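Asks: If you scroll down you'll find the structure; I have some questions about it.
The values are calculated or read from the model by the stated rules, or taken from the named source; none is laboratory data. Given the structure is predicted, the values throughout are model-derived calculations rather than measurements. So basically every Cβ, Gly included, is an ideal-geometry build from the backbone, and we count neighbours across all protein chains shown.
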Amino acid sequence: MQTTLGEHHTVPGSIVCVQPFGSVTHEHPHLHVPMTDGGFRHDGRFVPLPEPDPAVLEALWQRAVLAEFLGQGWLEEEGGLRSFGPHACLTCVSVGLRYLLAPRPRSSDG
């Protein structure tokens, strides 16, 4: 972030929430970490990061998903997809990510 902004003394903002259970109250410790899309200078002013390129984010997401699938043994190195139920549609992940990252028109009523 500091390199991207050219501001080597900026600090990102974040909040860390510890959640010790899952959605059905079983033990599943994990963290929720919302972060700012920029950094704060020492004087308190906020410097926003530039808008991310959706194509770059999509490629990073695909690589991360493929790496996880390979690590879990759900995908073979040669590219042959094994049968493993609802996760078989990598294209769906890509399309869904494109939808989430698509620019949204701003409402004129506020």
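Asks: How many of the residues in the range 1-54 are touching a Phe, Trp or Tyr at 6+ places or on another chain (Cβ under 7 Å) and at pLDDT 90 or above?
Replies: Let us first name the residues in the range 1-54 that are touching a Phe, Trp or Tyr at 6+ places or on another chain (Cβ under 7 Å), namely 10-11, 13, 27-28, 38, 40, 46.
After this cut, where a residue has to be at pLDDT 90 or above as well, the list is 10-11, 13, 38, 40, 46.
Summing the residues that are touching a Phe, Trp or Tyr at 6+ places or on another chain (Cβ under 7 Å) and at pLDDT 90 or above in the range 1-54 gives 6.
Asks: I would also like to ask the following. Please verify whether THR25 is touching a residue at least 12 places away in the same chain (Cβ under 8 Å) and in the same structural domain as GLY6 (by TED's automatic domain parsing), treating the condition exactly as stated.
Replies: Working: touching a residue at least 12 places away in the same chain (Cβ under 8 Å): no; in the same structural domain as GLY6 (by TED's automatic domain parsing): yes.
Here the answer is no, as THR25 does not meet what is asked.
Asks: Another one. Could you grab me the full set of residues in the range 14-46 that are over 11 Å from MET1 (Cβ atoms), assigned to a strand (DSSP E or B) and either polar (S, T, N, Q) or within 20 Å of the chain's Cα centre (by Cα) (or both)?
Replies: SER14, CYS17, VAL18, GLN19, PRO29, HIS30, LEU31, HIS32
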